[in-house]
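Have a look at the structure below, then the notes.
Values quoted throughout were computed directly from the atomic coordinates according to the rules given, and no laboratory measurement underlies them. Note that this is a predicted model, so its numbers are computed, not measured. Neighbour counts are summed over all protein chains in view; Cβ atoms, including those assigned to glycine, are modelled from backbone coordinates with ideal geometry.
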Amino acid sequence: SAANNDGGASNSGHVRVFQESGGTWSQTGSDINGTASNNNLCPVALSSNGSIVAVGEPGFGANGRGAIFDLGLALPVALAHFGGTAQPGGIELAWQTASEQNNAGFEIQRSAEGAAWESIGWVHGQGTTNATHDYLFTDLSPHYGINYFRLKQVDFDGASEYSKVLSIPFQGQYLTLSVYPNPVRGHWQIRLTKPLETPGQIILSDLVGRTLHQASLEVGQERWEAPQMPPGSYVLSLKATGGFISKRVTVE
């Protein structure tokens, strides 16, 4: 039932449940509508985080009696959104929480096949709050192809829960390389179509796969002076975050 219930359903009244946080009282859950005097059903309302249930009294008049139960089932974090997009230099993850309780933070985990997981970062949480919060994290070294991500939400007491799993394809930075001069005679160099956005590695090998020379490339680098090699055929490979390019080179 509810206060101001006339018992005849023409004015059923209602009960509202309020919760205090930081000195501010706000309604939690929806209104509990009162019932007519001949209605034996109990009106029920559940708080938005699932932790409090209010039960109105059936079939009575304007007494407004009922009961409120704290179930203690509030989720540490109400995750409203979790998604990600591939960018030229990595994969950007974004998520939003509707509320947080005792939230120490989020461990970001990645997998290449969706089974074995590795931790790639940590983002601090907001502790306890009923306000929405937005979070961002960028994976700067994703695997080439499909990447799987999930969040491990960790409480201050060490308890944890996992989010859903995202699968995001990553093709890497678009690069091509050219050899100058071609064919090679004496000194030569490789040139990239654009500066590297992430560190890379150059590997020069023979046709059976033996590494003859290798060097590291820095972010922003777009040329590499190659060593002099005896006449023959070689394979030049460039490995950069999220990508792999190989080219056959003939030295005369």
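Quick notes on this structure:
- Within the stretch 202-213, residues that are more than 15 Å from Val179 (Cβ to Cβ) reach partners that are part of a strand (DSSP E or B) and among the charged types (D, E, K, R) with beta carbons closer than 9 Å, at six or more positions or on different chains, in the pairs Leu207/Arg248.
- Matching residues, the stretch 117-129, being surrounded by 10 or more Cβ atoms within 10 Å (Cβ to Cβ) and out of contact with any Gly (no Cβ under 7 Å at 6 or more places or on another chain): Trp117, Ser119, Ile120, Gly121, Gln126, Gly127, Thr128, Thr129
- Residue in the stretch 145-155 that is polar (S, T, N, Q), within 30 Å of Gln109 (Cβ to Cβ), in contact (Cβ under 8 Å) with a residue 60 or more places away in the chain and touching a Leu at 6+ places or on another chain (Cβ under 9 Å) present: yes
- Considering residues of the stretch 111-129 that are part of a loop (DSSP other than H, G, I, E, B) and not aliphatic (A, V, I, L, M) only, the residue farthest from Lys164 (Cα to Cα): Glu113
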